[in-house]
1. What number of residues within the stretch 203-234 are open to solvent by 40 Å² or more (accessible area, probe 1.4 Å) and assigned to a loop (DSSP other than H, G, I, E, B)?
2. Residues that are farther than 16 Å from residue 58 by Cα and without any contact (Cβ under 8 Å) to a residue 12 or more places away in the chain, at least 3 per element: which helices (runs of 4 or more DSSP H) completely within the stretch 71-161 meet that?
3. Would a scan of the stretch 305-314 turn up a residue that is out of contact with any helix residue (DSSP H, G or I) (no Cβ under 8 Å at 6 or more places or on another chain) and either on the phi < 0 side of the Ramachandran plot or in contact (Cβ under 8 Å) with a residue 12 or more places away in the chain (or both)?
4. Of everything in the stretch 556-580, what is modelled with pLDDT of 75 or more, in a helix (DSSP H, G or I) and open to solvent by 70 Å² or more (accessible area, probe 1.4 Å)? Give them in sequence order.
5. Out of the residues in the stretch 380-427 meeting the condition of being assigned to a loop (DSSP other than H, G, I, E, B) and acidic (Asp, Glu), tell me which one is most open to solvent (accessible area, probe 1.4 Å).
6. Taking the stated definitions as given, is residue 438 in contact (Cβ under 8 Å) with a residue 24 or more places away in the chain and touching a Cys at 6+ places or on another chain (Cβ under 6 Å)?
7. Quick check: is even one residue across the stretch 437-447 open to solvent by 10 Å² or more (accessible area, probe 1.4 Å), more than 21 Å from the chain's Cα centre (by Cα) and of a type outside the set (Asp, Glu)?
8. What number of residues within the stretch 280-303 satisfy the criterion of being closer than 14 Å to residue 68 by Cβ and of a type in the set (D, E, K, R)?
Amino acid sequence: MAMLSVYAAFLATGLAVVAYFGHQVWSVNKAPTMAEQVKRELIPNEEFVKHSDIFNKKEVLKVTDNIYVAIGFALGNSIMVIAPEGLIIVDVTESVTAATEILKEFRKITNKPIKAILYTHHHTDHVGGAQGFLEKGVALPEVWSHHKLPHEVASFFITSYGAKIRRSSRQFGVMVPESRKINAALNHLQCGLGISLRYDSHGFIPPSKLVTEKVTFAKIAGLDVHIHHIPGETSDQIGVWIPSWKAFLSGDDVYRAFPNIYTIRGAPARDPVDWYTSVQKMLDLDPDYLVPSHHRPLIGKIDIRNVLIPYRDGIQFVHDQALRFINKGLTPDEIAKRVRLPEKLEKHPYLREFYGTVPWSVKGVFQLYLGWFSGDPVDLFPLSTPEKASRVISLAGGVDNTISEAIKAWNEDDIQWSLELASYVLIQDKNNKDAKKLKADALNLLGSRQINSIAANYYITCALETEGIVNLEDESTRKNEWQIIEKLPLKQLFQIFSTMFTPEVGVCETTEGVVQFIFSDTNSFVVLRIRNGVAIIEENGRAKNADVTVKTTEAKLKAAFITRLDGKGDFTKDLNIDGGIVKFKNYMNCFEEDFQLLLP
């Protein structure tokens, strides 16, 4: 029975015995409370649960006598190729712990030495566990990747790493407790991919072999391997074709789910033309075995084609139809409402929207072709969200009336509007308990209704943040990002500074100065130049008139840098600073607090 809002109940019944406490709506009809309604709707989606059963146990699957894939140990799979002279490991999961566990299982099959590791692309769940495959007494294996991978790894963690880490944590449900996963119909956090993203340990090893061609013909561990550049989910994606076995290792260009042409964790939209063209390359090779880095392998030409053809065509359909409506002048939101896969494709098990969605993809296509501007002049210089919140609340007649409207929307099952109204209230009054409760309930209910697992994770994590149960700003949640960052070259780490300058602090907007870092162990240097409210990193040429010169070693400064990022220590005592510690600290004070290099 539908709940009545406080106001509506009063008018309908003429009774005053109606109370509203912490978003429990009581009426003479004894309607369910909000919490009861949410609980009632948190019923596992049977299709998604069945899909999740793929990852219910850790196992090593035999593809051929020479190809094995470990599934269920982490978010991503790891693939072992037994070559004449040793092993090739394709993708290493995100976790050293998981990789070590996988290697123990692989060692039950063969004792051949690991000769090479190959990263299909730069995402953490494919590169983070590499050190788990290093063994005592064995030479460091070759590490192969596309030539763009080092830049992509650095870019992820240096440019907008803070936003991406937070949004990735929401997308993959990293902070969602087990009880909330179950309530959200997510018995496991497969995200259409694998089990929960594991942030227990990272051990990235920079690649030593970079491929630059569309197809690179290589002999690795005595095996003829063709490395194909297959841009799709990433621009650095590569696939491994073993012609003698008619086997293709496809990385993340094929999921058992609709692909993420746009990912809500934040990234440039992926080019769907590149993506379906890469899938077409797989079709043209006509493999007998297809081994993705998520999900189970496919065996047999017919079964493979029955997956690849609709997968390819589904991606093209979304691209073409989005572009069709773009050219009619529709806005992204309008196009997202119009484009739907044909029923035959929509129901295909490899195109269910467990991971990516058609609406997100449509908006990604719009972004690729036309950028951020929708075409509506209203969007040229729109009101900010806080400005809108203030005016909506004013139109509603104040905070109390806005909350009443939000309750009314909830009772009418207009949960999105209820969420938006509660969010507006919290912008003006961040401690409003009623708005917090309503927003959290709305987020939980929207999450429970999702077939798309990353949308569900995002909703539920945001509900936990609203309730104060989860804090993604907590330093302890950032520990593992430093484990990746510390693998990057020091000069790349300096690039973080350009996006951490705070011109609004004190006189920083007008501050000018040059800090030169000289590294005795590598006979190299970096110049940090501050002017016009920007921090410029220069690597070519020494500064003639530096205001401050810092003399140290790359090893010492990198250790200090990482430890400082982790919120600890004053390392100025370990440096030789010409020009004065006070002046050096004054420059550093113009950066975000947790990036004020070497300061206590």
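The values are calculated or read from the model by the stated rules, or taken from the named source; none is laboratory data. Only a predicted model underlies this, so the values are computations on that prediction, with no experimental measurement involved. Note that we place each Cβ from the backbone using ideal geometry, even for glycine, and neighbour counts take in every protein chain shown. Each accessible area value is taken on the protein alone, full model and side chains, heavy atoms only, with ligands, DNA and RNA left out. Shrake-Rupley method; radii C 1.70, N 1.55, O 1.52, S 1.80 Å.
1. 5
2. Details: elements: 96-106, 124-127, 149-158.
So the answer is none; nothing clears 3.
3. So in the stretch 305-314, the residues out of contact with any helix residue (DSSP H, G or I) (no Cβ under 8 Å at 6 or more places or on another chain) come out as 306-307.
The next check asks that each one be either on the phi < 0 side of the Ramachandran plot or in contact (Cβ under 8 Å) with a residue 12 or more places away in the chain (or both); those that pass are 306-307.
Yes - at least one qualifying residue is present in the stretch 305-314.
4. Passing the criteria: only 556.
5. Our first condition is that a residue be assigned to a loop (DSSP other than H, G, I, E, B); within the stretch 380-427, this holds for 380-384, 397-398, 412-414.
With acidic (Asp, Glu) added as a condition, the list becomes 412-414.
Values: 412: 122, 413: 82, 414: 66 Å².
Only one residue tops the list, namely 412.
6. Against the criterion (in contact (Cβ under 8 Å) with a residue 24 or more places away in the chain and touching a Cys at 6+ places or on another chain (Cβ under 6 Å)), residue 438 does not qualify.
7. Checking the stretch 437-447: at least one residue is open to solvent by 10 Å² or more (accessible area, probe 1.4 Å), more than 21 Å from the chain's Cα centre (by Cα) and of a type outside the set (Asp, Glu).
8. Residues meeting the conditions: 1.
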